[in-house]
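First comes the structure, then the notes that go with it.
The values are calculated or read from the model by the stated rules, or taken from the named source; none is laboratory data. All values reported here derive from a predicted model rather than from experimental measurement. FYI the Cβ positions are ideal-geometry reconstructions off the backbone, even for glycines, and counts take in every protein chain you see.
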Amino acid sequence: MKTIDLVVPCFNEEAGLENFVVETNRVISELPEYSFRYILINDGSRDKTYLVMKKLAKRFSNIKYISFSRNFGKEAAMYAGLQHTTADFVVVMDADLQHPPEVFPRMLEAMEQGYDCCAAKRDSREGEKLFRGIFSKLFFRLSNRLTDVKNPYGAMDYRMMTRQMVDSVLELSEVQRFSKGIFSWVGFDTKWISIKTVDRQLGESTWKFSSLFRYAIDGITCFSVAPLRFTAVMGAVIFFISLIYILITLIQTLFFGITTPGYVTTLCAVLFLGGITEMSIGILGEYIGRIYMETKDRPIYITKFSNFEDENNEETEDEPYGE
Ligand code: UDP
Ligand code: MG
């Protein structure tokens, strides 16, 4: 019997987690030829997610959990989950049912056909804010052009992978993780299936526009040095333009005696160059910041509690959040 591990990052999901497990179990029960196991990761939730998790683990023997010492972010949670997988196939999915378990059969079909990965992409972006839609389209275009990472528009993290692919993903142990990029970077044959997305039923999305903007910057800088090259090219172009300008002005003053135009030209040049210099330093800073964080080599996450046998999970009876 083939085994499947479901990696589910959870942050403030107390409202929907039980429902998620119930719904997923319903789908699982129709796939008796596979053995499923949940790996739930409590990413430092500030609500009772951990307690719900523990309760669920008592009720269902196939639920494993890891609870972080604080919020490390979804990427860290996915990494922790993947590290604990042992199954033949591994699924990463959200806990809010926006990644519907109903597509498991379609994913399994692709896997049995020999694909290494079956990933979901959004079919429609109904209900999405116009501005957000335009921005995300732009991001997919830009990152596909600038980086080795090729993802179709609407690509989601939701996917099923083979053991071999998961092991490759884990080999990329960088601290600043950008999973969509990593999944694509490792290669392997991916089948994309379109799914209809639904609005989050319970709880709240943690994404704000500013964090999406950061996410987009990460997506590009983690996989490409094109912005750095861009500043160098821009510097060269400006250098040549100014060289021509200097020559023309020199010739004009020497041979025709035309006085050089006034301070507006100077002002424009200073402001223009100042702006470009600032921007270049900013881009440089983005990369230096990344080098700095990466060289610290800090752990990607810290576990506080877990019900994996091999881990130190001496838990006191005092419930951390009370009940
Ligand atoms: N999540 C997490 N850590 C975080 C933020 C989110 O583990 O810091 C989890 C969250 O519980 C959910 C998934 O990541 O299972 C996706 O989060 P969310 O639904 O907020 O994002 P969206 O669906 O809007 O992309
Ligand atoms: Mg969601």
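In the set ASP157, ASP199, only one residue is within 16 Å of ligand 1 (Cβ to nearest atom), more than 22 Å from GLU33 (Cα to Cα) and surrounded by 14 or more Cβ atoms within 10 Å (Cβ to Cβ); that residue is ASP157. Counting only residues that are within 10 Å of ligand 1 (Cβ to nearest atom) and at negative phi, the stretch 93-104 holds 6 of them.
Specify the residue that is nearest to ligand 1 (Cβ to nearest atom); the eligible residues are those in the stretch 53-64 that are surrounded by fewer than 22 Cβ atoms within 10 Å (Cβ to Cβ) and farther than 21 Å from LYS2 by Cβ. Within the stretch 53-64, the match that is nearest to ligand 1 (Cβ to nearest atom) is LEU56.
Among the residues of the stretch 72-82, which ones are away from ligand 2 (no atom under 16 Å from the Cβ) and assigned to a loop (DSSP other than H, G, I, E, B)? The answer is PHE72, and nothing else.
Is there a residue in the stretch 108-115 that is touching a Lys or Arg at 6+ places or on another chain (Cβ under 6 Å), over 23 Å from SER211 (Cβ atoms), part of a helix (DSSP H, G or I) and more than 16 Å from ligand 2 (Cβ to nearest atom)? For the stretch 108-115, residues touching a Lys or Arg at 6+ places or on another chain (Cβ under 6 Å), over 23 Å from SER211 (Cβ atoms), part of a helix (DSSP H, G or I) and more than 16 Å from ligand 2 (Cβ to nearest atom): present.
Looking across the stretch 204-243, the residues that are charged (D, E, K, R) and assigned to a helix (DSSP H, G or I) come down to ARG214, ASP218, ARG229. When residues in the stretch 7-33 are screened for being touching a helix residue (DSSP H, G or I) at 6+ places or on another chain (Cβ under 7 Å) and in a helix (DSSP H, G or I), 6 of them pass. So, in the stretch 34-54, how many residues would count as being more than 20 Å from the chain's Cα centre (by Cα) and in a strand (DSSP E or B)? Adding up the residues that qualify gives 5.
Filtering GLU18, GLU112, GLU23 for residues that are surrounded by fewer than 21 Cβ atoms within 10 Å (Cβ to Cβ), away from ligand 1 (no atom under 16 Å from the Cβ) and acidic (Asp, Glu) leaves a single hit, GLU112.
Given the structure, is ALA57 farther than 17 Å from VAL166 by Cα, touching a residue at least 12 places away in the same chain (Cβ under 8 Å), more than 16 Å from ligand 2 (Cβ to nearest atom) and over 22 Å from the mean Cα position of the chain (by Cα)? Taking the combined requirement at face value, the residue satisfies it. Out of the residues in the stretch 147-196 meeting the condition of being small (Gly, Ala, Ser) and within 18 Å of ALA80 (Cβ to Cβ), tell me which one is modelled with the highest pLDDT. The selected residue is SER168.
Taken over the stretch 282-304, the criterion of being surrounded by 12 or more Cβ atoms within 10 Å (Cβ to Cβ), of a type outside the set (Lys, Arg) and part of a helix (DSSP H, G or I) is satisfied by ILE283, LEU284, GLU286, TYR287, GLY289, MET293, GLU294. For the residues SER211, SER184, the requirement of being within 19 Å of the chain's Cα centre (by Cα) and crowded, with 16+ Cβ neighbours inside 10 Å singles out SER184.
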